[in-house]
Amino acid sequence: MNLLRVDKISKTFIQGENHINVFNKLSFELEKGKTASVIGQSGSGKSTLLSLLAGLDRPNEGQIVFSGKPFSTMDEDELTGLRNGKIGIIFQQFHLISHLTVLENVYLPLEIQGSGVDKNIAKEFLERVGLSCRLDHLPAQLSGGEKQRVAIARALIIKPDLLLADEPSGSLDNKTGESIIELIFNLAKEEQTGLVLVTHNRNLAILCDDVWRLTNKGLAKETPC
Ligand SMILES: Nc1ncnc2c1ncn2[C@@H]1O[C@H](COP(=O)(O)OP(=O)(O)OP(=O)(O)O)[C@@H](O)[C@H]1O
Ligand SMILES: [Mg+2]
């Protein structure tokens, strides 16, 4: 069974008289533990696609099936539960909770799961992203790249079945970016996590098992050259 099956999904935003058709009838599949990248120009709909895959928004048509279960059969609570347990998301804009410290942001998903919070696990993940010395900082006291690394630790801590990463190295310098990407790939491999990676960086994209290009004609698989 596929971890993720996306079947002819379309998304149109309606703003007053304006209909913004972002994409039509996109389909793809991701097997457990496999990695796929999504590349495409700014505005092509990459972040919109990720928000649909995270169940944060619903497609206008088509369906998304996660571990055999269509999102359309799940209510909001069930989808929230998925995001706190099985689907980790690294948002392009980080979405950290501003009044929580770095450490609290990272262990929040475990707290919501109610699985007994071991702060040491959060500290370990923060160490892996190189932020051990920022545990008590608030997000506003961090640089862009540090915020990004907190967001990465928070997404990885739940050991998700599916990791959705929107430009996870976008705010990082080359060296930090490379080590963070290596961490994401290593953890994905260790934990058999499926990864959908949105990136503008071709060198990064081709590290994935499949490379998908999103254009106004749809989603096309690129053949390796
Ligand atoms: N909530 C919304 N309401 C209306 N239009 C939206 C909304 N969200 C996104 N869009 C539009 O949908 C299109 C795709 O946006 P999206 O953020 O998915 O692009 P992207 O491929 O992630 O771009 P980037 O590479 O710049 O991050 C854009 O034209 C955007 O203006
Ligand atoms: Mg985007």
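The values are calculated or read from the model by the stated rules, or taken from the named source; none is laboratory data. The shown structure was predicted, so the numbers you read here are calculated from the model rather than taken from an experiment. Here Cβ is always computed from backbone atoms with ideal geometry, including for glycine, and neighbour counts include all displayed protein chains. With ligands, DNA and RNA removed, areas are computed over all heavy atoms of the protein, side chains included. Shrake-Rupley method; radii C 1.70, N 1.55, O 1.52, S 1.80 Å.
Quick notes on this structure:
- Taken per residue, the accessible surface of the chain reaches 51 Å², heavy atoms only and a 1.4 Å probe.
- Of all DSSP beta bridges confined to the chain, the antiparallel ones make up roughly 55%.
- Remark: the range 5-22, residue by residue, has Karplus-estimated 3J(HN,Hα) of 10, 10, 10, 6, 8, 10, 9, 10, 9, 10, 10, x, 7, 8, 10, 9, 8, 7 Hz, where x stands for each Gly or Pro and the curve is 6.51 cos²θ - 1.76 cosθ + 1.60 at θ = phi - 60°.
- Sulfur and carbon atoms: percent of accessible area, the chain [1.4 Å]: 46 percent
- Centroid-to-centroid, using Cα positions, the range 115-175 and the range 180-200 are 14 Å apart.
- Considering only alpha-carbon pairs that sit under 8 angstrom and 6 or more positions apart, the relative contact order computed for the range 4-222 is 30 percent.
- Zero-based 5 Å bins, Cα pair distances in the range 4-222, whole percents: 1, 7, 15, 19, 20, 16, 12, 7, 3, 0, 0
- Under 19 Å, Cα to Cα: Lys pairs in the range 1-120, sequence gap 8 or more or different chains: 12
- Theoretical ellipticity at 222 nm over the chain - DSSP helices of four or more residues, -39500 (n - 2.57) apiece, nearest 500: -10000 deg cm²/dmol
- The range 175-225, Cα convex hull volume normalised per residue, Å³: 88 Å³
- Seen against the Cα atoms of the chain and their longest principal axis, helix 76-85 is set at about 50 degrees.
- For the range 1-91: rounded, prolate or oblate by the Cα gyration tensor [a/c cutoff 1.5]: prolate
- The phi torsions of the range 170-179, fed into the Karplus equation with coefficients 6.51, -1.76 and 1.60 and a -60° offset, translate into couplings of x, 9, 10, 5, 3, 5, 5, x, 4, 6 Hz, rounded to whole numbers, with Gly and Pro shown as x.
- Only Lys, Arg (+1) and Asp, Glu (-1) charged, at Cβ; the range 4-222 dipole about Cα centre in debye: 440 debye
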